[in-house]
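The numbers here are math on the coordinates, done by the rules we state, and not lab data. For clarity, every value in this text was computed on a predicted model and none was experimentally measured. Glycine also receives a Cβ, built like all others from the backbone with ideal geometry; neighbour counts cover every protein chain displayed.
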Amino acid sequence: MASVNKVILIGNLGKDPEIRHLEGGVAVARFPIATSETFKDKSGQKQERTEWHNIVVWRGLAEVAEKYLRKGNSVFIEGKIRSNNYTDKDGIQRYSTEIVADNMTMLGGRSDNGGGGDYQGSAAASGGNFGGGATANKGGSPAGGFQNDEPDDLPF
């Protein structure tokens, strides 16, 4: 029997990506995103619940994240769940869960924060026409992996 490990998230960055370059120049970026849901509790009061997800992106996706993602940006993430365990400095067994992204789409239009948040201008300079968002995937080009996807192709 086959199994599936697939995650799709749309959320907002909780902080700027942290980038590291490993031996051989391989880039890895880590950043948290928040997803929120609203619901009514037993008494009919509206409640909101926020979940935080630790995202990891590699190589070209990491370079795109470093250039364009900033705290507060909306992003679509597609990837898989990875669980890790380790022993901390006090000898206590710890566990962590992260999402290893295979695809990432920056959502929204031009950012008002200037700098690297200007997705349309940066995309146009790369030859893409994204209409307010930019898409990258791990199988893309070495220059950042942009794809020209229609923003209305989402299944919801």
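Stretching the chain fully between R94 and K15 yields a gain of 26.1 nm (0.36 nm per residue, less the alpha carbon separation).
The 3J(HN,Hα) values that the Karplus relation (6.51, -1.76, 1.60; θ = phi - 60°) gives for segment 86-95 are, in residue order, 7, 9, 7, 5, 8, x, 8, 6, 10, 10 Hz. Gly and Pro appear as x.
Ranked by how many other Cβ atoms sit within 10 Å of their own Cβ, fewest first, the residues V57, V7, V75, V64 fall in the order V7, V75, V64, V57. When H21, H53 are arranged by Cβ crowding within 10 Å, least crowded first, meaning fewest neighbours, the order is H21, H53. Only Cα pairs under 8 Å and 6+ residues apart enter the sum, and on that basis the relative contact order of segment 3-58 stands at 31 percent. The relative contact order of segment 38-96, computed from alpha carbon pairs under 8 Å that lie at least 6 residues apart in sequence, is 15 percent. Relative to the current alpha-carbon distance between T35 and S3, full extension at 0.36 nm per residue lengthens the span by 9.0 nm. Residues T38, T50, T105 in ascending order of nearby Cβ atoms (within 10 Å, fewest first): T38, T50, T105. Proximity of backbone amide H atoms, modeled 1.01 Å from N, is registered between G72 and L13, G14, K15 at under 5 Å, excluding neighbours fewer than 5 places apart on the same chain.
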